[in-house]
Structure formats: C-alpha cells, structure tokens
Amino acid sequence: LRPDLIFVTPVRGTDLNPKAETLARMRAQTGARVAVLNGDTFDEAGIRWCEGYAVAADRIIVQDCYSIYPLRVRDPAKYLATWTPQDPSLFRRGTEDRSIEVSFLGSVARYPDRKRALGLLDAAGIAVRRGGGQAEAVLSVDEYAETMRRSKIVLNFARPVFDHPVAQCKGRVIEAALCGALLLEQANPETERWLTPGVHYVPFDGERDLVHKVRYFLEHDDERSAIAAAGATHAESCLSAEAYWRRVLGAVLPAEALA
C-alpha cells in the first residue's frame, strides 16, 4: 500500500491509539502525509495531547477551540483550524413543519451554565425540547437531526464542562445552521470565526438575555426566518462537509495529489 494520506482521530483516555513513533515510521516508509484530528483543545491537557502528535504529523486539525493553541504550541503553522463536518443527508433544510419552537440537544449534567439557562427558561414558561446528550436521553442520529430540522430555534452553549472559562465551537453550531433553524448561541469568539453574529445566528450574553431573545424571536417570525435562512445558505456554501474536506486535503496533500 502507498497511501497519499493517513488520517488519525486519536481518543484521549485509552491506550488503543497509535503512538506518534508509529505514525512517524509509517510516514517514512510509505511517503504518505499524516493528519491528526484533535478535539477538546481548550485546556493545557488538550494542547499537550496535540503536541504529542505534532512531531509525527504534517497537520494537526483543530475543530473546536482556535484561540488557545496559537499561544501554547511550538509551531502554530502546523495547526489547521476547521469546523465539524456534518452528513448532508441528515443535516439539511427540511420540508417538515417547524412545530418545535425551541430545542436543546446535548448533555446537561456536567454543565452548570446549561442548567441555569434551561431552568430560567422553564421558569419563564418557555418549553424547550431536550435530549441527545451522550449519556442522557440519547437519541439516534436520525432523531437528533429531525428534531433540528423541525425546530424554530436551536440553543447552544459554548463553554466546556464545569463552566471552564474558554469556549468551543460545538458541532451543534454547524448542525443548527445547516438544518435551517435559528441558532441562539452563547457569545464567544470561536463561533465568530465561521459565522457572523446578527447575520447568520444570534448570540446571547447571560441567561436573562437568552430568555429575552427567545421570546423576541418566537414573536418575530420574519426576523427569525431571515437570520436562519442566511445561516443555512452560508453553511451550505462555506461550512459543508465538502468544503471541510477541500480545506483539509488542500492543506495536507501536495498539489499534484489533488490534481
């Protein structure tokens, strides 16, 4: 075998990952380029994890937090910022009625900010369709995507677990946009790398601002629909799975391999 690319997604917390030395040997023996995809790059442990593979990789791909690694790694030029690609057969604008006014699909147990926000929405009499956490009210991917396609508003919270002070561009950001829902997202610089606030989505600052904006956009259908449509059009054009792989392969492989 003479592959052009070895693409690795190592998982923290297991001993089943290939070692950096193994990837370096494979690269030397086959001539293949090596790309390593890493998530959770918002803390020191995540950066050390990335750096452990950087010695053997042509590119380290980062798709959740883009403001930390340039300050902490030896060679920021080896790193490539991306979003999370989504299956276009699932995450797309649908023909279904948007009968779900507000949804949040994700974990809550280890996220104090999510608990506070959802509790305040409940106290304000705003029903939120919930589910889809990795270990809480698990949905199939089809159910998950269908819920987003039927939602008028999709909520997202950008902070990592336990109210860590930085932010992540969660996969829900791209999922909600592609499904044509209005994304209401905690204000943060990571999402702004790909989407324009007030144009493609609506940021909120704190739980009370979230309640106010949910009420406002449920009462103003035209404004909500216009922003949601702009977000969907932008995501389909610039943040699709095809655009993701063009970006990744163009950064990793030599031009002749892409011809």
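The values are calculated or read from the model by the stated rules, or taken from the named source; none is laboratory data. Worth saying up front: this structure is predicted, and the values here are computed from it rather than measured. Cβ sites come from the backbone with ideal geometry, for glycine too, and all protein chains shown count toward neighbours. Remember, those area values only see protein heavy atoms, side chains included, never the ligands or the DNA or RNA. Shrake-Rupley method; radii C 1.70, N 1.55, O 1.52, S 1.80 Å.
Observations, loosely collected:
- Residues of segment 85-104 satisfying the condition of being at pLDDT below 95 and within 17 Å of the chain's Cα centre (by Cα): none
- Scope segment 232-250; condition within 30 Å of V36 (Cβ to Cβ), part of a helix (DSSP H, G or I) and either touching a helix residue (DSSP H, G or I) at 6+ places or on another chain (Cβ under 8 Å) or open to solvent by less than 30 Å² (accessible area, probe 1.4 Å) (or both); matching residues: H234, A235, E236, S237, A241, A243, Y244, V248, L249, G250
- Just one of the listed residues (L80, L23, L5, L37) is touching a strand residue (DSSP E or B) at 6+ places or on another chain (Cβ under 8 Å), open to solvent by 40 Å² or more (accessible area, probe 1.4 Å) and modelled with pLDDT of 95 or more, and it is L5.
- Scope segment 55-65; condition surrounded by fewer than 21 Cβ atoms within 10 Å (Cβ to Cβ) and modelled with pLDDT under 95; matching residues: V55
- From the list R72, R129, R159, the one residue that fits, being under 14 Å from A181 (Cβ atoms) and open to solvent by 70 Å² or more (accessible area, probe 1.4 Å), is R129.
- All positions within segment 105-145 that are small (G, A, S), more than 22 Å from the chain's Cα centre (by Cα) and in a helix (DSSP H, G or I): G119, A123
- Of note, R224 does not satisfy the criterion of being among the basic types (K, R) and either open to solvent by 30 Å² or more (accessible area, probe 1.4 Å) or free of Cβ contacts under 8 Å to residues at least 60 places away in the same chain (or both).
- If the condition is being of a type in the set (D, E, K, R), closer than 20 Å to A158 by Cβ, surrounded by fewer than 17 Cβ atoms within 10 Å (Cβ to Cβ) and out of contact with any helix residue (DSSP H, G or I) (no Cβ under 8 Å at 6 or more places or on another chain), then segment 207-221 contributes only D209.
- Taken together, R114, R98, R149 contain a single residue that is touching a Cys at 6+ places or on another chain (Cβ under 6 Å), farther than 30 Å from A20 by Cβ and of a type in the set (D, E, K, R), which is R149.
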